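First up is the structure itself, then whatever we jot down about it.
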Amino acid sequence: MVAIGIDAINVYPGRASMSARTLFEVRGLDTRRFDNLMMDSKSVNLPCEDPVTNAVNAAKPLIDALGDDERDRIEAVIVGTESGVDFGKPLSTYVHDYLGLSRRCRSFEVKHACYGGTAAVQTAAGLIANTPIAGMKALVIATDAAAKIDKNTYWEPSQGAGAVAMILGEDPRILTLDKGASGYHSYEVMDTARPRADLEAGDSDLSLMSYLHCLKESYAMYAERVRGSDFLTTFDHLAFHMPFGGMVKGAHRTLLRSLYGMRPDEVETDFQRRLAHSLRYGAQIGNVYSAALYVALCSLIDHTPLNGPSRLGLFSYGSGCASEFYSGVTGAEASRIVGAMGIAAAIESRHPLSTEEYELISELSLHRMPGHRHVRFDPHPYDDVYRKCLDGRGLLVLDHVTDFHRVYRWS
């Protein structure tokens, strides 16, 4: 049986950030709730950045590292996002074009809120498993950006931006997926939604309850499928979809109490041992929606001593809702390969925005939303921030929209 999974992975955390604590203070939010958020900062896209630029900037280092023959083996570009730029045209078409990939390639976009990245991963794995051609690869990207910033709410400090790009193939070096080892749980619920391109809506309490319920039920199906599995002993480490750290910690606590009746000190010990390291990048980037689980995966690999192959338990949740608990085994080179991408340094090098810069950029960013027929993205109003973040760095940025067609350039 051929092993299939993630052979390469990279995070694009954006080039600007905003302090979560500062947002609590300037918005007059109850600072007693700050510690439960477990957030330090969040990534912020500039007005000339969108889910397409995030996706390409995440994927380009992976593609550039491939030889010509390996590039031509990419037969699928699958983008998971809840921030599509068109109701019909998938943003994968822009990604495919600006990365210069072969035209002998599938290209499509999948959507189910924050579950979209996992839907793309599992679809790619299925395509690779079913091809008669040895060596086929798929480029999978989970990319998102917040809709209009939901000011004066507890959502705002956690709304992030960025992308995670992955190359899936045979004999993967990062994570081999356990074949058939998945449990899922889905039903209709209006916990969060984007009824318009510039609006996020929903019920935060309902979303929390749905997340908790789906973790319990999707793991229950996993345990039925994988006989002999045990949540405490089967998985060396865990990574969950991370809207904010407190939600992950609460879900972990609730599941362990439900399954084992564990004491608070026992729960905390398990959290610190198996799950805490997965939250470190998310605490600095914020909720990247479809990419949040895969940010957690990179964080886990970068911050955890992996002594030999380790089985990971992964939980993906998307509002509306869909969920999946699945597993995989890390490769011997996983830590070295992920570490070489320099994700921590990229996060550290972001420009910290002042409150005034953040407010200006938030308002100007409305122009990048879908539906605008003609727009030119002039960085002059935020020129100082643009020069610090993007100018001369060779990153993809949005240049203009003409008759709804988005045109990009390299900074």
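The values are calculated or read from the model by the stated rules, or taken from the named source; none is laboratory data. Note that the structure is a prediction, hence the values are computed from the model and not measured. Counting neighbours? That spans all protein chains shown, and the Cβs are built from the backbone with ideal geometry, glycine included. Ligands, DNA and RNA are excluded from the accessible area calculation, which covers all protein heavy atoms including side chains. Shrake-Rupley method; radii C 1.70, N 1.55, O 1.52, S 1.80 Å.
Descriptive notes on the structure:
- Ellipticity estimate at 222 nm from DSSP helix runs (n ≥ 4, -39,500 (n - 2.57)) divided over the chain, nearest 500: -10500 deg cm²/dmol
- Portion, in percent, of the accessible area of the chain that falls on carbon or sulfur, probe 1.4 Å: 50 percent
- Contact order for the chain, expressed relative to its length and based on alpha carbon pairs under 8 Å spaced 6+ residues apart, stands at 25 percent.
- Proximity of backbone amide H atoms, modeled 1.01 Å from N, is registered between Lys137 and Ile74, Glu75 at under 5 Å, excluding neighbours fewer than 5 places apart on the same chain.
- Ratio Rg/Rh [Cα only; Rh per Kirkwood] for the chain: 0.95
- Residues in segment 179-333 average 40 Å² of solvent-accessible surface per residue, probe 1.4 Å, ligands and nucleic acids excluded.
- Positive minus negative residues near Gly339 (Lys, Arg vs Asp, Glu; Cβ under 11 Å): -1
- Annotation: for a label point projected 7 angstrom from Cα along Cα→Cβ of Asp97, residues of segment 370-389 with backbone N closer than 17 Å are 370-377.
- Hull-based mean projected area of segment 179-333, where the convex hull spans the alpha carbons, in square nanometres: 9.7 nm²
- The lysine pair count for the chain, using Cα distances under 26 Å and pairs eight or more places apart or on different chains, is 24.
- Local charge for Ser186 was computed over the other residues whose Cβ lies under 10 Å away, with Lys and Arg +1 and Asp and Glu -1, and equals -3.
- Of the DSSP H helices in the chain, those whose Cα atoms cover at least 18 Å axially and whose Kyte score averages 0.5 or more: 116-130
- Peptides 24-36, 131-143, 163-175 ordered by average Cβ neighbours within 10 Å, highest first: 163-175, 131-143, 24-36
- Sequence ranges 55-65, 221-231, 177-187, ranked by mean other-Cβ count within 10 angstrom, highest first: 55-65, 177-187, 221-231
- Local net charge near Leu168, Cβ-Cβ under 10 Å (Lys/Arg +1, Asp/Glu -1): -1
- Segment 179-333 - percent relative contact order, Cα under 8 Å, separation 6 or more: 34 percent
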